[in-house]
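Sharing a structure below in structure tokens format, with a few things to ask.
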Amino acid sequence: MPTHRASGTVASIGYASGPLYFLERGSGPYVASGNPATEAERLTAAITRASAAVAELMAVAEPESAAILEFQIAMLEDDSLAEPAFAAVVRGIDAATAWSAALAEHIAEYESADDSYFRARSADLTDIRDSVLRALSGIKSGRAPAGAVLYGNDITPTQFLAMDWQRGGGIVLKQGSSASHVAMLARSRGVPMLVGVGPIEAANDDLVLLDAEHGRIIVLPDTEAQREFLKASTAHHQLLNLARSQVRRSATTSDGEHVDVFVNIAEPVDVDTIDIATCDGVGLMRTEFLFTRGLPDEETQYRAYRKVLEWAAGKPVTIRTVDAGGDKPVRGYTIDEANPFLGLRGIRLSLSRPDVFRVQVRALLRAAVHGELKVMFPMISLAAEYRAAEVIFREEAVALADAAIPHRMPPLGIMVEVPAVAIDPAPFRDVAFFSIGSNDLTQYVMAAGRDSGAVNTLGDVRHAAVISLIRSVARFGEVNAIPVSLCGDAGGDPAVIPLLIGAGLRALSVAPAQLPLAKAAIARTGTRDSSDAAR
Ligand code: PEP
Ligand code: MG
């Protein structure tokens, strides 16, 4: 077969070459005993074995992987998941068929969910289904060879975690989403990954070249294709190595202007692997993680915020009040809506549930004495929302003072991610700072859901309409002495950074793994480089 190419969306930047490995979900034949009691025993044992295998992986997993595996163990230990399977076994169905059918229902439910959070969880359920089926048929996990480029409809978190990525390799998915758990893991481990590639004409073990910088995969490359690939991947690796060696330097444009580069974090443990000297502080701490297992109490939140503030050693830490809703549902807190991205999310939800909001506010006020805390509100549309949130901060500060509990009032700012605010920021002249949420701003300006692979190309932050809004917010901030930064994913994208600098931004907050290349991109950019390139 001659050399051929396919293209897709980059979910994690990088290059890989190696044999193609078709991701198999198969489990091997299962020989039923014909006895319901034996089938039930086998199923119980298989669930226990699968759960132990996940626990084994968890023992050596990094924090963000551990959270995913913890979810799987919780599901495996949840009796209600297996109940229909055991009921079917009693009716004479064999364990493997009963288990597959029971899980199929759950998987279909998650896959057809409106929000990407639940859709992303369907890969975890598929993972659970397959590990129990493998345990039933006595098969160890089908592991891909080191250095392989994995290809399939989707990849499960344990398939990802079972690979030794130190030895190369990458991921190419027919479908998939860059918001999935695995995409998040791939970015944090630097594993190249493409999604939305569709079917490719190739066989297991075919040599492939994965260019997850330009979004290409080349199957059975000829000499010319190999030469081109080598040139591009060498340039990328040289740049990455150089950027890593310089990551402790502060970021400066090619004409000498300083740009603050902060990090985005999700959990306090994230800071354990970040050297504070490599960044100017935390530009966005998402607090949703605290709410994944229900509503957290004040003490839990206080400890989480305090840990990050102490780590930052005097550098600013911007913590965002919980942005639940949209693609981040929280059981018992968010409501079911047909269109959750346009519904009760972020500050709207916090203000509708002051009982929950006040707990977070108190934890933040108390943590503020441990560092340079700034607090911002997500999904602000109206000045009245900002003011209502501010009043709650002031009331809780008074209550803490009355109780002689140490606390401090932090500067309060807003996310600029609703177009109404970006178009007319004048009512927000008295807020302490703006942080542009380019992920949401882009989806709302372009009317293209950030979780939809089908409109992926529409939701492009580089569109002239989005860049022009960013420019006008930056200008408004400059004129009114309001610091403006940007904390959406665009801030860490080397291809977008020149446009953001050109639009007047001098503060970006990026994923920790993106720090080196983001700083290198800033160093290559001049402040007068035009943003006219915006499409
Ligand atoms: C954004 O919308 O750009 C942002 C930073 O917030 P999130 O991605 O958490 O919605
Ligand atoms: Mg947002």
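The values are calculated or read from the model by the stated rules, or taken from the named source; none is laboratory data. Keep in mind it's a predicted model, so treat the numbers as computed, not measured. Ideal geometry is used to build each Cβ from the backbone, glycine not excepted, and the neighbour counts take in all protein chains shown. In case anyone asks, the SASA skips ligands and DNA or RNA and just uses the protein heavy atoms, side chains included. Shrake-Rupley method; radii C 1.70, N 1.55, O 1.52, S 1.80 Å.
So which residues in the range 136-158 are in a helix (DSSP H, G or I) and at pLDDT below 80?
Going through the range 136-158, the residues in a helix (DSSP H, G or I) turn out to be 136, 157-158.
Once the filter is applied, which keeps residues that are in a helix (DSSP H, G or I) and at pLDDT below 80, the range 136-158 yields P157, T158.
Is at least one residue of the range 499-513 open to solvent by less than 30 Å² (accessible area, probe 1.4 Å) and among the basic types (K, R)?
Residues of the range 499-513 that are open to solvent by less than 30 Å² (accessible area, probe 1.4 Å), as a first pass: 499-503, 505, 507-510.
Now narrow it down to the ones that are among the basic types (K, R): none.
No, the range 499-513 contains no residue that is open to solvent by less than 30 Å² (accessible area, probe 1.4 Å) and among the basic types (K, R).
Could I ask something else about it? Is the range 363-371 home to any residue that is more than 16 Å from ligand 1 (Cβ to nearest atom) and surrounded by fewer than 21 Cβ atoms within 10 Å (Cβ to Cβ)? Write out each step before concluding.
Filtering the range 363-371 for residues more than 16 Å from ligand 1 (Cβ to nearest atom) gives 363-371.
Now restrict to residues that are surrounded by fewer than 21 Cβ atoms within 10 Å (Cβ to Cβ): 369-370.
So far as the range 363-371 goes, yes, one or more of its residues are more than 16 Å from ligand 1 (Cβ to nearest atom) and surrounded by fewer than 21 Cβ atoms within 10 Å (Cβ to Cβ).
State all residues of the range 401-420 that are within 12 Å of ligand 1 (Cβ to nearest atom) and either in a loop (DSSP other than H, G, I, E, B) or not assigned by TED's automatic domain parsing to the domain that holds V473 (or both); if no residue qualifies, say none.
The answer is E417, V418.
In the range 476-484, is there at least one residue being touching a residue at least 12 places away in the same chain (Cβ under 8 Å), under 20 Å from the mean Cα position of the chain (by Cα) and crowded, with 22+ Cβ neighbours inside 10 Å? Step through it out loud before you land on a result.
Keep residues of the range 476-484 that are touching a residue at least 12 places away in the same chain (Cβ under 8 Å), which gives 476-478, 480, 482-484.
Restricting the remaining residues to those that are under 20 Å from the mean Cα position of the chain (by Cα) gives none.
Taking every residue of the range 476-484 in turn, none turns out to be touching a residue at least 12 places away in the same chain (Cβ under 8 Å), under 20 Å from the mean Cα position of the chain (by Cα) and crowded, with 22+ Cβ neighbours inside 10 Å.
To continue, here is another question. Check A448, A420, A388 and return the single one that is among the aliphatic types (A, V, I, L, M) and either away from ligand 2 (no atom under 16 Å from the Cβ) or crowded, with 19+ Cβ neighbours inside 10 Å (or both). Even if it seems obvious, please write down each step before you answer.
Values: A448 fails: either away from ligand 2 (no atom under 16 Å from the Cβ) or crowded, with 19+ Cβ neighbours inside 10 Å (or both); A420 fails: either away from ligand 2 (no atom under 16 Å from the Cβ) or crowded, with 19+ Cβ neighbours inside 10 Å (or both).
Criteria check complete, one pass: A388.
Here's another thing I want to ask about it. Kindly indicate the residue of the range 486-495 that is surrounded by fewer than 24 Cβ atoms within 10 Å (Cβ to Cβ) and not in a helix (DSSP H, G or I) and also nearest to ligand 2 (Cβ to nearest atom) among those meeting that condition. Even if it seems obvious, please write down each step before you answer.
Going residue by residue through the range 486-495, those that are surrounded by fewer than 24 Cβ atoms within 10 Å (Cβ to Cβ) are 489, 493-495.
When the remaining residues are screened for being not in a helix (DSSP H, G or I), the result is 493-495.
Values: D493: 16, P494: 22, A495: 21 Å.
The extreme case among them is D493.
Out of the range 423-445, which residues are in a helix (DSSP H, G or I), away from ligand 1 (no atom under 16 Å from the Cβ) and open to solvent by 20 Å² or more (accessible area, probe 1.4 Å)? Outline the logic, then answer.
Residues of the range 423-445 that are in a helix (DSSP H, G or I), as a first pass: 423, 426-428, 438-445.
Then keep just the ones that are away from ligand 1 (no atom under 16 Å from the Cβ); that gives 423, 426-428.
I423, A426, P427, listed by residue number.
I'd like to verify a number: residues in the range 282-312 that are more than 16 Å from ligand 1 (Cβ to nearest atom), open to solvent by less than 20 Å² (accessible area, probe 1.4 Å) and of a type in the set (G, A, S), how many?
So the answer is 2.
If you check R303 against the conditions, is it assigned by TED's automatic domain parsing to the domain that holds H370, on the phi < 0 side of the Ramachandran plot, modelled with pLDDT of 95 or more and basic (K, R)? Let's see the steps before the verdict.
Working: assigned by TED's automatic domain parsing to the domain that holds H370: yes; on the phi < 0 side of the Ramachandran plot: yes; modelled with pLDDT of 95 or more: yes; basic (K, R): yes.
Taking the combined requirement at face value, the residue satisfies it.
Consider L344 against the criteria (1) modelled with pLDDT of 90 or more; (2) away from ligand 1 (no atom under 16 Å from the Cβ); (3) open to solvent by 30 Å² or more (accessible area, probe 1.4 Å): it satisfies all of them except one. Which criterion is unmet?
Tallying (1) modelled with pLDDT of 90 or more; (2) away from ligand 1 (no atom under 16 Å from the Cβ); (3) open to solvent by 30 Å² or more (accessible area, probe 1.4 Å), L344 fails exactly one: (2).
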